[in-house]
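The values are calculated or read from the model by the stated rules, or taken from the named source; none is laboratory data. The model shown is predicted, which means the values in this text are computed figures rather than measured ones. Methodologically, a virtual Cβ is constructed for each residue, glycine included, from the backbone with ideal geometry; neighbour enumeration extends over all protein chains shown.
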Amino acid sequence: MRVVIFGSINMDLVAHAARIARPGETILGNDFRTVPGGKGANQAVAVARMGGAAQMCGAVGDDGFGVESLASLASSGVDTSGVVISTGATGVALILLDAQGENSITVISGANMRLTHAHLDIVAAALKDATHLLLQLEIPMELVIAAAQMARARGVTVILDPAPAPKSGIPAEVYHACDVITPNETETALLTGIDPVDAAQCARAAQVIHLRGTSDVIIKRGAQGVYWSHAGVGTMVPGFVVPVVDTVAAGDCFNGALAVGLAEGMPMPAALRFAAASAALSVTRPGAQPSIPSRSEVEVFLQQHTM
């Protein structure tokens with residue numbers, strides 16, 4: 001079982017304050033840290049910590065942040081042979097966190113957007129013995145589409161986290177090339193025009209996405225759980241209520257754990273609960289990759305939270 005992750009690698013510059021400043025306002029914060037992140041890299045670390053074989057494909061710059069990012073991935077057991085080093089800056093994310101753990105994030109893509117079609121050869125080689133491909137939207141859209149189509153042609157299951165969701169929407173080819181799409185509530189509303197406030201609205205939103213070509217729709221709703229729809233048949237999977245410290249990377253943790261669960265042959269409801277538990281644990285800790293729990297921690301958590 002091997003999972004390939006094609007996506008972004010960033011260094012997160014994290015500032016903590018009592019609240020997030022309004023436009024034009026200056027406030028005093030209380031902490032600052034640099035933390036390895038990027039949606040692709042976070043998912044790769046989640047796969048590795050959940051016990052999966054993770055190979056990261058992407059790019060970093062030839063700067064100190066690139067060195068640190070690669071070291072962080074390697075220390076978690078991620079295969080970084082698919083990562084190229086390009087001239088210029090590594091991607092960075094400017095993250096503002098308030099006292100409730102909510103965040104505001106601005107991403108400067110750097111090396112992530114310097115990826116080209118030439119890099120698809122590396123992805124193709126990585127997919128040869130892979131079971132799943134994890135994608136996000138912090139690299140060029142045309143590469144996301146090409147990688148998804150390449151994976152589908154090889155019988156590799158494609159899981160897309162449509163984040164950050166562009167206001168113009170996602171090209172039709174993306175939906176057709178993905179087996180599973182996992183928007184959160186905000187992304188669901190942006191992509192479908194339907195706010196998934198309850199099961200009925202989740203079902204309506206999922207149907208919109210099904211009609212665009214994706215068979216499995218997973219709407220992530222935080223502590224309220226997950227709505228999963230397969231070919232129009234929906235199921236609500238309960239979530240977990242935990243003290244929230246930092247929500248950064250929770251969705252990435254979810255997707256990485258989901259891929260591992262499915263690759264191990266878990267039925268979808270069990271894989272979703274496993275992924276939700278992983279994400280719940282992650283929000284109780286600060287940082288992106290440092291917040292991602294180990295497999296054993298998730299298993300203990302699930303034993304303590306039996307349905």
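Summary table below
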{"item": "Of residues in the stretch 246-268 being part of a loop (DSSP other than H, G, I, E, B) and crowded, with 17+ Cβ neighbours inside 10 Å, the one modelled with the highest pLDDT", "result": "Ala249"}
{"item": "For Ala74: the one exception among (1) under 30 Å from Phe32 (Cα atoms); (2) touching a helix residue (DSSP H, G or I) at 6+ places or on another chain (Cβ under 9 Å); (3) outside any strand (DSSP E or B)", "result": "(2)"}
{"item": "Every pair of residues 6+ apart whose Cβ atoms lie under 8 Å, when the first sits in the stretch 223-242 and is more than 16 Å from Thr284 (Cα to Cα) while the second is small (Gly, Ala, Ser) and assigned to a strand (DSSP E or B)", "result": "Tyr227/Gly234; Trp228/Gly234; Thr235/Ser229"}
{"item": "The stretch 87-114 - residue that is at pLDDT below 95 and of a type in the set (S, T, N, Q) and, of those, nearest to Val4 (Cα to Cα)", "result": "Thr106"}
{"item": "The stretch 126-174, residues that are out of contact with any Cys (no Cβ under 9 Å at 6 or more places or on another chain), farther than 18 Å from Ser215 by Cα and small (Gly, Ala, Ser)", "result": "Ala130, Ala146, Ala163, Ala165, Ser168, Gly169"}
{"item": "Condition check for Val158: touching a Phe, Trp or Tyr at 6+ places or on another chain (Cβ under 7 Å), touching a residue at least 12 places away in the same chain (Cβ under 8 Å) and within 27 Å of Ala288 (Cα to Cα)", "result": "no"}
